[in-house]
Structure formats: structure tokens, C-alpha cells
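J.: Once you've had a glance at the structure underneath, I'll fire off some questions.
The values are calculated or read from the model by the stated rules, or taken from the named source; none is laboratory data. Remember, predicted model here, so these are calculated numbers, not experimental data. No Cβ is skipped: glycine too gets one built from the backbone with ideal geometry, and neighbour counts run over all protein chains shown.
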Amino acid sequence: MTGFLVKLFSLTLLIPVLCLFWRVQISAAQPDEDLRLISPIGAIARSAILPGWGQFYAHNRFLGATSFVGTSGLLIGALITHQSFQHVYNNEYVPAALDNDKSPEAVFQYNRANQRFKLRQFFLFAAAGLWAYSLIDSYVGANLYNAAAKADQLIDDMKQIEELGVQLKVTPTQLQLGIVKFF
């Protein structure tokens, strides 16, 4: 009779352990079902096509909008100053330089055209720099988003383990694993 009670007692202890194992196996069989990670390389590719798109993809909408609007504004500024440069150079400097390229009027018009040229170059380099920043930030933002998503998933998994009633006690000489369930 005592052998039967020992088997029954061990069976009653085995059932919660198997249930715990089965529940953990189910969650392991469906890993990251609701966890959606994003590709950092995909974010860079998107930002290479259109500045800010990679940041939108990495769920950083403010920086994405700022990169897009900033780069677009700088490129529009470059286009406007390029048109102004060509107008001053072709319509004012060239006629003055045909008469005498050392005349005060030719030098003055050349300096005006050169100022517009330098401003155009500034706009182009600033746009290229902002676009490069968009590339780097989209890569970093995608990695940070993935890290935050994995951390949230880990916290959720830990909460599920706590709900199971698993206790772990570690001392220098022993490791205790217990299941506590209140009925």
C-alpha cells in the first residue's frame, strides 16, 4: 500500500511539472509570434532611396519627418540659388566681361555670381550631410527599436514565468527549483 501511495504522490508531483514543461514548450514552439523586428539594412536602404523613410520604418517618425523636410528644403534652396547663380552669371557677368573682364562692373558681377555659387554648394553639401545622417540614424534607430522590442518580450516572458509560480533559489552549495501553486 505504501508503494502505491509513493507512486501516487510522485505522479501528483509529476503532473504540474509536465504541465509547466508543456506550457513552456508551447510558447517556445511559437517564438516571437507577435514580436516584429525590423531590418537595420532595410532601414538604410529605405533612407538611401528617400531621406527619412528609414527612420519612419524604424518607428522614429519625428526624425524621419525632420530628415525628409530638411533635406528637401536644402535641395530646393540649392535649386533656387543655382537658378539665381546662372541668371547673374549669364545675364550680368558675361556681357560685362565681354567688354572688359577687369572692369569694376565685371568684377562686381563675378563676385555676385560667385556668392550664389558658394551658397548653392553650401546647400548641396548640407543636404548630402543631412542625408548621410538619415542613413546612420535609420540604422541605429532600427537596432534600438529591435533592442527595446526584445526587452519588452523578455519582460513579458518573465511575467508569464512568475505567473506559473516557479521559484528559483541559488545558494553556494545548492540550487533549488520549486513550483508553488495556490489552490
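J.: Hey, among Thr81, Thr66, which residue is in a helix (DSSP H, G or I), within 16 Å of the chain's Cα centre (by Cα) and among the β-branched types (Val, Ile, Thr)?
T.: Thr66
J.: Failed condition for Thr81, given (1) among the hydroxyl-bearing types (Ser, Thr, Tyr); (2) without any contact (Cβ under 8 Å) to a residue 60 or more places away in the chain; (3) under 30 Å from Ala147 (Cβ atoms), with all others met?
T.: The failed condition is (3).
Table: residues versus (1) within 17 Å of Ile44 (Cα to Cα); (2) touching a residue at least 40 places away in the same chain (Cβ under 8 Å); (3) among the hydroxyl-bearing types (Ser, Thr, Tyr).
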| position | (1), (2), (3) |
| --- | --- |
| Ala65 | yes, no, no |
| Leu75 | no, yes, no |
| Leu98 | no, no, no |
| Asp157 | no, yes, no |
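J.: Give the residue, chosen from Ala149, Ala106, that is more than 38 Å from the chain's Cα centre (by Cα), surrounded by 15 or more Cβ atoms within 10 Å (Cβ to Cβ) and modelled with pLDDT under 95.
T.: So the residue among Ala149, Ala106 that is more than 38 Å from the chain's Cα centre (by Cα), surrounded by 15 or more Cβ atoms within 10 Å (Cβ to Cβ) and modelled with pLDDT under 95 is Ala106.
J.: Here's another thing I want to ask about it. How many of the residues making up the range 48-74 are surrounded by 18 or more Cβ atoms within 10 Å (Cβ to Cβ) and in contact with a helix residue (DSSP H, G or I) (Cβ under 6 Å, 6 or more places away or on another chain)?
T.: 15
J.: Follow-up. Report every pair of residues separated by at least 6 positions or lying on different chains whose Cβ atoms are under 6 Å apart, first residue within the range 130-144 and over 15 Å from Val69 (Cα atoms), second not in a helix (DSSP H, G or I).
T.: Listed pairs, sorted by first residue: Ser138/Ala58; Gly141/Ala58; Gly141/Asn60; Ala142/Ile38; Ala142/Ala58.
J.: If you check Tyr110, Tyr93, Tyr133, which single one turns out to be among the hydroxyl-bearing types (Ser, Thr, Tyr), under 30 Å from Arg46 (Cα atoms) and out of contact with any Asp or Glu (no Cβ under 7 Å at 6 or more places or on another chain)?
T.: Criteria check complete, one pass: Tyr133.
J.: Taking Lys118 as the residue in question, decide whether it is over 21 Å from the mean Cα position of the chain (by Cα), closer than 30 Å to Gly52 by Cβ and surrounded by fewer than 17 Cβ atoms within 10 Å (Cβ to Cβ).
T.: yes
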